[in-house]
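Trainee: Have a look at the structure that comes next, please.
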Amino acid sequence: MKILVINSGSSSLKYQLFEMPTQEPAHTGLIERIGLAGSAISNHADALREVISSLSREGIVRDLEEIVAVGHRVVHGGEDFADATIITNEVKEKIKALFSLAPLHNQISYTCIEVAEERFPNAKQIAVFDTSFHHTLPEYAYRFAIPKKYYTEQGIRVYGFHGTSHKYVSSQAMKYLNNPDAKVISIHLGNGCSMASVKSGKSIDTSMGFSPLSGLMMGTRSGDIDSSVIFHLLEQEGNTPEKINNMLNKGSGLFGVAGFNDMRDVHKATLAGSEEAKLALQLYAYRIKKYIGAYAAVLNGIDAVLFTGGVGENDKLMRSAVCTEMEYLGLVMDEDRNNNSKGKIFEINTRDSAVKILVVQTNEEREIANQCFSLLANAGDDKS
């Protein structure tokens with residue numbers, strides 16, 4: 001069964017082709033800098049059309065009809081979607097209704113769905129939502145302390161994001177630990193950053209909330225901020241809700257403090273003597289450390305802390321900054337292991353550390369393919 005997985009980011013499009021149930025992809029690819037200055041590809045629709053054309057042109061797929069399903073990563077599914085879902089017109093309308101809650105992603109996913117429907121008219125289009133994994137949060141974790149009507153009438157609550165990644169890496173950690181009941185803190189660090197406390201494979205709490213804006217400091221997002229700051233800014237001449245929303249989502253985080261949203265550039269600026277870049281790194285690591293402490297309390301102990309995502313998997317300096325002076329919680333890093341270990345999953349803690357510190361390579365595309373395959377297999381069983 002050939003399943004094409006589309007994972008669209010704000011300026012990128014990753015894709016993998018799987019011959020299920022084989023776990024290694026038959027083909028992978030990435031288009032970056034979509035819509036940015038100097039890019040040859042101006043939008044995600046053109047990017048996906050190019051991907052699909054290349055599959056035929058390069059002989060990777062002899063006939064597009066071979067592709068049975070297209071799996072789409074969709075960031076926000078609201079309260080409606082707890083599992084992978086076959087996309088219908090009703091599902092598309094619900095995705096569209098959530099555009100404002102995930103402004104950098106949901107509209108792009110919707111566009112890719114429409115292109116895939118056009119090019120693969122007989123394939124099943126399946127949505128895998130980043131919010132789905134966090135449907136196991138208890139009510140006291142997902143409700144805000146505001147009048148109930150805002151939840152019941154407008155759905156204002158914690159939804160959580162990066163769930164596809166958190167689910168995949170936490171399951172890999174549980175297998176590695178040989179402990180299905182493991183208490184794991186998953187730290188996903190990329191341009192977007194979030195954490196999740198996971199117990200026995202279920203999300204218990206997570207740092208992103210109503211939208212992907214809250215929680216950790218990110219590439220261009222502020223993360224947690226005192227809400228009164230927003231009201232203060234609204235009182236300043238020339239500010240509008242739209243301007244402030246844009247500043248918090250696209251002009252803050254590493255970019256707002258250091259002038260760069262790419263962690264590699266922030267490190268370079270720090271080495272060049274930039275005090276603002278140095279401060280950005282301190283802010284970034286400090287926020288993560290605070291959440292580790294909070295989630296240790298939520299879980300009543302930790303078996304493992306894991307790093308994943310582009311920064312989490314590759315930035316040994318940030319991993320070290322986060323894990324320094326964490327002995328009280330049982331985290332003791334081995335700097336030699338941190339600097340030299342490689343692989344899809346490896347330990348960077350000392351031999352006698354009470355808590356494992358793991359680096360786990362995420363694979364959202366594989367997780368999406370597995371969920372699509374399971375959904376189609378179960379649908380086949382139901383027909384029989």
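Quick note: the coordinates plus some simple rules give every number you see, no bench work behind them. Only a predicted model underlies this, so the values are computations on that prediction, with no experimental measurement involved. Here Cβ is always computed from backbone atoms with ideal geometry, including for glycine, and neighbour counts include all displayed protein chains.
Trainee: Return, for the Cα atoms of the stretch 179-360, the radius of gyration and Dmax in Å, separated by a comma.
Mentor: Rg and Dmax of the stretch 179-360, Cα atoms, are 17.2, 57 Å.
Trainee: Looking at the stretch 179-360, what % of its DSSP beta bridges pair antiparallel, to the nearest 5?
Mentor: Values: 15 of 24 bridges.
Rounded to the nearest five, the antiparallel share is 60 percent.
Trainee: For a protection proxy built on the mean count of beta-carbon atoms within 10 angstrom, sort 21-34, 290-303 highest first, please. Can you show the working numbers first?
Mentor: Values: 21-34: 14.1, 290-303: 16.6.
The most tightly packed comes first, giving 290-303, 21-34.
Trainee: Considering only the chain, what is the antiparallel percent among its DSSP beta bridges, to the nearest 5? Present the calculation step by step, with values, prior to reporting the outcome.
Mentor: Values: 29 of 49 bridges.
Percentage antiparallel, nearest 5: 60.
Trainee: Only Cα pairs under 8 Å and at least 6 apart count here; give the relative contact order of the chain as a rounded whole percent. Please report the intermediate quantities before stating the final value.
Mentor: Numbers: 739 pairs, mean separation 55.9, N = 384.
The value is 15 percent.
Trainee: Given only helices, namely DSSP H runs of n ≥ 4 each adding -39500 (n - 2.57), what is the per-residue ellipticity at 222 nm of the chain, to the nearest 500 deg cm²/dmol? Can you show the working numbers first?
Mentor: On the way: 15 runs with 160 residues, N = 384.
Helix contribution divided over all residues of the chain: -12500 deg cm²/dmol.
Trainee: Arranged from highest to lowest average of other beta-carbon atoms within 10 Å per residue, in what order do the peptides 159-166, 201-208 appear?
Mentor: On the way: 159-166: 28.6, 201-208: 22.1.
The peptides rank, most packed first, as 159-166, 201-208.
Trainee: Given Ser353, Tyr140, Gln172, which one lies farthest toward the positive end of the charge dipole of the chain, if we put +1 on the Cβ of every Lys and Arg and -1 on the Cβ of every Asp and Glu?
Mentor: Of the candidates, Ser353 comes out farthest on the positive side.
Trainee: Turning to a different aspect of this structure: Relative to the Cα centre, what is the charge dipole magnitude of the chain, using +1 at the beta carbon of each Lys and Arg, -1 at the beta carbon of each Asp and Glu, and rounding to the nearest 20 debye?
Mentor: Values: 39 positive and 46 negative charges, 65 e Å.
That gives the chain a dipole magnitude of about 320 debye.
Trainee: Leu234 to Ala379: FRET efficiency via 1/(1 + (r/R0)^6), r the Cβ-Cβ distance, R0 51 Å, to the nearest 0.05?
Mentor: Values: r = 49 Å, r/R0 = 0.96.
With R0 = 51 Å, the Cβ-Cβ based efficiency is 0.55.
Trainee: Expressed as a rounded percentage, what relative contact order does the stretch 47-200 have, with Cα pairs under 8 Å and six or more residues apart? Spell out each step's value before the answer.
Mentor: Details: 199 pairs, mean separation 33.9, N = 154.
Relative contact order of the stretch 47-200: 22 percent.
Trainee: Rank Phe260, Phe133, Phe231 by mean-square fluctuation in a GNM of the chain with C-alpha springs under 10 angstrom and give only the top-ranked residue.
Mentor: So, out of Phe260, Phe133, Phe231, the one fluctuating most is Phe231.
Trainee: May I ask you to derive the FRET efficiency for Ala145 and Lys290 from their Cβ-Cβ distance with R0 = 22 Å, giving the value to the nearest 0.05? Spell out each step's value before the answer.
Mentor: Values: r = 20 Å, r/R0 = 0.89.
Using R0 = 22 Å, I get an efficiency of 0.65.
Trainee: So who's got an amide H within less than 5 Å of the one on Ile345, skipping anything under 5 residues away but keeping other chains? H placed 1.01 Å off N, in plane.
Mentor: Gln361
Trainee: Report the one residue of Cys193, Ala102, Ala182 whose Cα lies farthest in the direction of the positive end of the charge dipole of the chain (charges on C-beta: Lys and Arg +1, Asp and Glu -1; origin at the Cα centre).
Mentor: Ala182
Trainee: Taking springs between alpha-carbon atoms closer than 10 angstrom, which of Gly309, Gly155, Gly192 fluctuates most in the Gaussian network model of the chain?
Mentor: Gly155
Trainee: Where both partners of a DSSP beta bridge lie in the stretch 2-129, what percent of those bridges are antiparallel, to the nearest 5?
Mentor: Percentage antiparallel, nearest 5: 55.
Trainee: Now for a different question. Treating only the Cβ atoms of Lys and Arg (+1) and Asp and Glu (-1) as charged, compute the dipole magnitude of the stretch 179-360 about its Cα centre; round to the nearest 20 debye. Before the final figure, lay out the partial values.
Mentor: Numbers: 19 positive and 21 negative charges, 95 e Å.
That gives a dipole near 460 debye.
Trainee: Shifting gears a bit: Within the stretch 299-384, report the GluC sites (Glu not before Pro) that DSSP leaves as loop and that have at most 16 other Cβ atoms within 10 Å. Intermediate values should be presented prior to the final figure.
Mentor: Numbers: sites: Glu313, Glu325, Glu327, Glu335, Glu347, Glu364, Glu365, Glu367; in loops: Glu325.
Here the sparse-neighbourhood loop sites are Glu325.
Trainee: For the stretch 1-95, what is the charge dipole size about the Cα centre, in debye to the nearest 20, if Lys and Arg each add +1 at the Cβ and Asp and Glu each add -1 at the Cβ? Mind dumping the intermediate values first?
Mentor: On the way: 9 positive and 14 negative charges, 61 e Å.
Using only the charged Cβ atoms, the result is roughly 300 debye.
Trainee: Would you work out which of Gln236, Asn89, Ser8 lies farthest towards the positive end of the dipole of the chain, given +1 charges on the beta-carbon of Lys and Arg and -1 on that of Asp and Glu, about the Cα centre?
Mentor: Gln236
Trainee: On a C-alpha basis, how far is the centre of the stretch 31-83 from the centre of the stretch 138-157 in Å? Whole number, if you could?
Mentor: Each part reduced to its Cα centre gives a spacing of 35 Å.
Trainee: Could you work out how far the C-alpha centroid of the stretch 194-266 sits from that of the stretch 308-384, in angstrom?
Mentor: Answer, in whole Å: 23.
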